[in-house]
Amino acid sequence: LGAPSRRSQENTGLGERIERIYQANRQVYGSPRIHAVLQAEGQRCGKKRVARLMRERGLSAKPRKHRTRTTDSQHEQPVAPNLLNR
């Protein structure tokens, strides 16, 4: 076995770059966003390649936390007048 192939060396460098972008964005960026950042920086690579390298490194976007909004009808604020008598 000889030295690592050029492609595997590129994957290593690209993987490190992906990891930096992922960490810099609070671990919420998935492969589409990371791919977009790489494109903007001038790095040419495919979406599936980014997704594969992320998977190999165990990186996945944290899901958004949804906040449940409820109605507070026991407030002290003034209520708008019923102008239309509905």
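The values are calculated or read from the model by the stated rules, or taken from the named source; none is laboratory data. All of these numbers come straight from a predicted model, not from anything done at the bench. Here the Cβ positions follow ideal geometry from the backbone for every residue, glycine too, while neighbour counts run over all protein chains shown. The protein model used for the area step is the full one, side chains on, heavy atoms only, and it has no ligands, DNA or RNA in it. Shrake-Rupley method; radii C 1.70, N 1.55, O 1.52, S 1.80 Å.
On the basis of being at pLDDT below 95 and hydrophobic (A, V, I, L, M, F, W, C), does A3 make the cut? First the steps, then the outcome.
Values: at pLDDT below 95: yes; hydrophobic (A, V, I, L, M, F, W, C): yes.
Yes: the conditions hold for A3.
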(request) Could you please find all residues in the stretch 16-39 being part of a helix (DSSP H, G or I), under 23 Å from R64 (Cβ atoms) and open to solvent by 90 Å² or more (accessible area, probe 1.4 Å)? (result) R20, Q23, P32, R33
(message) When the residues of the stretch 48-86 are narrowed to those that are aliphatic (A, V, I, L, M) and under 21 Å from A36 (Cβ atoms), which ends up nearest to the chain's Cα centre (by Cα)?
(response) A61
(request) Take K48 and decide whether it is assigned to a loop (DSSP other than H, G, I, E, B) and open to solvent by 100 Å² or more (accessible area, probe 1.4 Å). (result) no
(request) Show the residue pairs that are 6+ apart or on different chains and have beta-carbon atoms under 7 Å apart, the first residue being within the stretch 37-59 and more than 12 Å from L14 (Cα to Cα), the second being of a type in the set (S, T, N, Q). (result) K47/S31
(message) One residue is enough: does the stretch 69-81 have a residue meeting the conditions basic (K, R) and either at pLDDT 95 or above or part of a helix (DSSP H, G or I) (or both)?
(response) no
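Determine if the stretch 64-85 includes at least one residue that is over 13 Å from L14 (Cβ atoms), surrounded by 10 or more Cβ atoms within 10 Å (Cβ to Cβ) and touching a residue at least 12 places away in the same chain (Cβ under 8 Å).
Checked against the condition, which is being over 13 Å from L14 (Cβ atoms), surrounded by 10 or more Cβ atoms within 10 Å (Cβ to Cβ) and touching a residue at least 12 places away in the same chain (Cβ under 8 Å), the stretch 64-85 yields no hits at all.
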(message) Considering only residues that are within 13 Å of R57 (Cα to Cα), among the charged types (D, E, K, R) and free of Cβ contacts under 8 Å to residues at least 12 places away in the same chain, which ones fall in the stretch 10-26?
(response) E16, R20
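Quick check on the stretch 51-60. Is at least one of its residues outside any helix (DSSP H, G or I), in contact with a Phe, Trp or Tyr (Cβ under 6 Å, 6 or more places away or on another chain) and of a type outside the set (D, E, K, R)? Break it down into steps so the answer makes sense when it comes.
Of the stretch 51-60, the ones outside any helix (DSSP H, G or I) are 57-60.
Filter once more, so that each one left must be in contact with a Phe, Trp or Tyr (Cβ under 6 Å, 6 or more places away or on another chain): 59.
Imposing the further condition that a residue be of a type outside the set (D, E, K, R) reduces the set to 59.
Looking for residues that are outside any helix (DSSP H, G or I), in contact with a Phe, Trp or Tyr (Cβ under 6 Å, 6 or more places away or on another chain) and of a type outside the set (D, E, K, R), one finds at least one in the stretch 51-60, hence yes.
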(message) Exactly one condition in (1) over 15 Å from the mean Cα position of the chain (by Cα); (2) not in a loop (DSSP other than H, G, I, E, B) is false for G42; which is it?
(response) (2)
